[in-house]
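Engineer: Questions regarding the structure given below will be posed in turn.
The values are calculated or read from the model by the stated rules, or taken from the named source; none is laboratory data. The shown structure was predicted, so the numbers you read here are calculated from the model rather than taken from an experiment. Neighbour counts run over all protein chains shown; Cβ positions are idealised from the backbone, glycine included. Surface areas here come from the heavy atoms of the whole protein model, side chains and all, with no ligands, DNA or RNA. Shrake-Rupley method; radii C 1.70, N 1.55, O 1.52, S 1.80 Å.
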Amino acid sequence: MTSIAELIAGIKNGEPRAIGRAISIVEDGGVHGHSILAALDVERIEAATVVGLTGPPGAGKSTLTNQLIAHYRSQGKRIGIIAIDPSSPISGGALLGDRIRMMAHAPDQHVVVRSMATRGRLGGLCAAAGAAVRVMAGSGCNIVIIETVGVGQSEMDIVRLADITALVLAPGLGDDIQAMKAGLLEVADILVVNKADCPGAESLAMDLDGVVRERQKAPDNLIPKVCMTVASEGKGIGELAEEIARLDAACRASARHLLRRRQSQHLEILDWAMEMLRPRLLELISSETDDPVSDPRVKAMEILKKIN
Amino acid sequence: MTKETRKHRVLIAKPGLDGHDRGAKYIARTLRDAGFEVVYTGIRRTPEEIAAAAVQEDVAAIGLSSLSGAHLRLFPAVVEALRKVAAPDIPVLGGGVIPEEDFTVLKEAGIAEIFTPGTPVEKIIAAFSDACEAHYQKRNIG
Ligand SMILES: Nc1nc2c(ncn2[C@@H]2O[C@H](COP(=O)(O)OP(=O)(O)OP(=O)(O)O)[C@@H](O)[C@H]2O)c(=O)[nH]1
Ligand SMILES: [Mg+2]
């Protein structure tokens, strides 16, 4: 692989090295990122189903992903995984361990797993994750799963990259349901109660059912189904995959799918634009502001006028 | 365009059958605290799994840990597996309870650096950092 043309051809052919390199180049803001992204197969990207798996730490997202990989592979599908973990705000480093649960699939050419750190990006995470989704879909992945811990705003934004979002919960992780109500519960299309083999799973499912019914009162909301799974034993996976497929088909049959894709595209464009603008803004701020008592808001307006 | 925001990405793996990964985890955490993005793959990995994961994750270096005494077989097997997936340019570093008389054999088999329990962490961090930098010079695109 010695040229960008070869790299782009490699992505189209599903070559792991090309896919891995391409995602890094885009994530690192490399000079060739643009030509790689512009050359991706748009039809493949449109056809792929992007699934978001989110939920509290330890709920079983990676174990569930591993089972979904096996399920989709048995149907002959090619699958991509993007597993996002937080960077340490102090060192900037990250320990990316989601892959541990999926390692048995590593040598399979039709399973592409990529671990990604949040890198403390204020923006930019959506841009990088969205680009990784597209590289994977462009390499022929029929399904792309994004795994992310369901806390914080950036994770909420990631959720919006997905066509279908599943919120994964488990009993015994504290009673976070009330806190989650306001956030993730509202955007989830599917609610998964994992660790259904553990005590408290039934009552968690009932609680969720209550929340769902409350939400039913709101007009034109699809009612999310509650799926019970035991990821560690592969139970309930077929049903979950079926529900994902059913929702995806329903969304594509209505305007919902295009609406979602458009929303996520807008989000990513905004993210890229902010990333691109940031260095110029920082430069203007430091060169134009020598008066420490000037009002920040007034100053910001002045600087924005300069950019126009 | 956006500024380059590259981080050193490395993969830490524990090939072989013994179930202890304290050493591997310690190195993984140490490198994270030094600012690396560390993909950790857990215990009992085959050389093929390690090579495939390294390619997908596009890491700039691989760190292997072995306590079982099988390093003479396992470390070179990872180098060989990398060759098979067309990634011979990714450097492999190894650590564990490794007697000095094995160093030459391992280096000849393509292991870039070898650490033992006595190696100071600063030296390990520097070795990974150097390996990553050298890899960026060698690889073709980006
Ligand atoms: N009893 C039981 N344990 C499970 C089940 N699914 C996962 N686990 C265990 O729960 C622990 C966490 O699983 P992970 O898959 O790593 O969870 P995660 O949500 O990906 O965790 P983070 O990535 O750290 O947020 C592991 O020890 C799993 O073996 C299940 O259905 N039942
Ligand atoms: Mg996980």
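Engineer: Go over the candidates B:91, B:117, B:76 one by one and state the one that is away from chain A (no Cβ under 14 Å), under 19 Å from residue B:14 (Cα atoms), open to solvent by 50 Å² or more (accessible area, probe 1.4 Å) and not charged (D, E, K, R). Walk me through how you get there before you give the answer.
Structural biologist: Numbers: B:91 fails: open to solvent by 50 Å² or more (accessible area, probe 1.4 Å); B:76 fails: open to solvent by 50 Å² or more (accessible area, probe 1.4 Å).
Just one listed residue meets the conditions, B:117.
Engineer: Please go through segment B:43-73 and pick out each residue that is surrounded by 24 or more Cβ atoms within 10 Å (Cβ to Cβ) and free of Cβ contacts under 8 Å to residues at least 24 places away in the same chain.
Structural biologist: B:56
Engineer: Determine, yes or no, whether residue A:246 is open to solvent by 50 Å² or more (accessible area, probe 1.4 Å) and modelled with pLDDT under 90. Please lay out each step first, then the result.
Structural biologist: Working: open to solvent by 50 Å² or more (accessible area, probe 1.4 Å): yes; modelled with pLDDT under 90: no.
No, not satisfied.
Engineer: While we're here: For residue A:281, work out the one condition from (1) over 23 Å from the mean Cα position of the chain (by Cα); (2) within 14 Å of chain B (Cβ to nearest Cβ); (3) open to solvent by 90 Å² or more (accessible area, probe 1.4 Å) it doesn't fulfil.
Structural biologist: Failed condition: (3).
Engineer: Here's a check for you: in segment A:76-93, which residue that is away from ligand 2 (no atom under 13 Å from the Cβ) and either crowded, with 18+ Cβ neighbours inside 10 Å or over 30 Å from residue B:26 (Cα atoms) (or both) is modelled with the lowest pLDDT? Show your work before the answer.
Structural biologist: Within segment A:76-93, the subset away from ligand 2 (no atom under 13 Å from the Cβ) is A:76-80, A:87-93.
Checking which are either crowded, with 18+ Cβ neighbours inside 10 Å or over 30 Å from residue B:26 (Cα atoms) (or both) leaves us with A:76-80, A:87, A:93.
On the way: A:76: 98, A:77: 98, A:78: 98, A:79: 98, A:80: 98, A:87: 89, A:93: 95.
Across segment A:76-93, the extreme among qualifying residues is A:87.
Engineer: While we're looking at this one, here's another question. Kindly provide the set of residues from segment A:88-131 that are more than 11 Å from chain B (Cβ to nearest Cβ) and in a helix (DSSP H, G or I), ordered by number.
Structural biologist: Initial filter on segment A:88-131 (more than 11 Å from chain B (Cβ to nearest Cβ)): A:89, A:110, A:122, A:125-126, A:129-131.
Across segment A:88-131, the qualifying residues are A:125, A:126, A:129, A:130, A:131.
Engineer: Moving to a separate point now. Applying the selection to segment A:284-308, what residues are open to solvent by 90 Å² or more (accessible area, probe 1.4 Å) and of a type in the set (Lys, Arg)?
Structural biologist: Matches in segment A:284-308: A:297, A:305, A:306.
Engineer: Residues in segment B:14-30: is at least one assigned to a loop (DSSP other than H, G, I, E, B), buried (at least 17 other Cβ atoms within 10 Å of the Cβ) and within 11 Å of chain A (Cβ to nearest Cβ)?
Structural biologist: First, the residues of segment B:14-30 that are assigned to a loop (DSSP other than H, G, I, E, B): B:14, B:16-21.
Next, from what is left, pick out any that are buried (at least 17 other Cβ atoms within 10 Å of the Cβ): B:14, B:16, B:21.
Pick out the ones that are also within 11 Å of chain A (Cβ to nearest Cβ) and you get B:14, B:21.
Yes, the conditions are met somewhere in segment B:14-30.
Engineer: Do we have any residue at all in segment B:120-127 that's farther than 17 Å from residue B:61 by Cβ and either touching an Asp or Glu at 6+ places or on another chain (Cβ under 8 Å) or open to solvent by 50 Å² or more (accessible area, probe 1.4 Å) (or both)? Spell out how you get there, then give the answer.
Structural biologist: So in segment B:120-127, the residues farther than 17 Å from residue B:61 by Cβ come out as B:120.
Remaining after also requiring either touching an Asp or Glu at 6+ places or on another chain (Cβ under 8 Å) or open to solvent by 50 Å² or more (accessible area, probe 1.4 Å) (or both): B:120.
For segment B:120-127, residues farther than 17 Å from residue B:61 by Cβ and either touching an Asp or Glu at 6+ places or on another chain (Cβ under 8 Å) or open to solvent by 50 Å² or more (accessible area, probe 1.4 Å) (or both): present.
Engineer: Here is a further query. Among the residues of segment A:41-54, is any within 13 Å of ligand 2 (Cβ to nearest atom) and open to solvent by less than 10 Å² (accessible area, probe 1.4 Å)?
Structural biologist: yes
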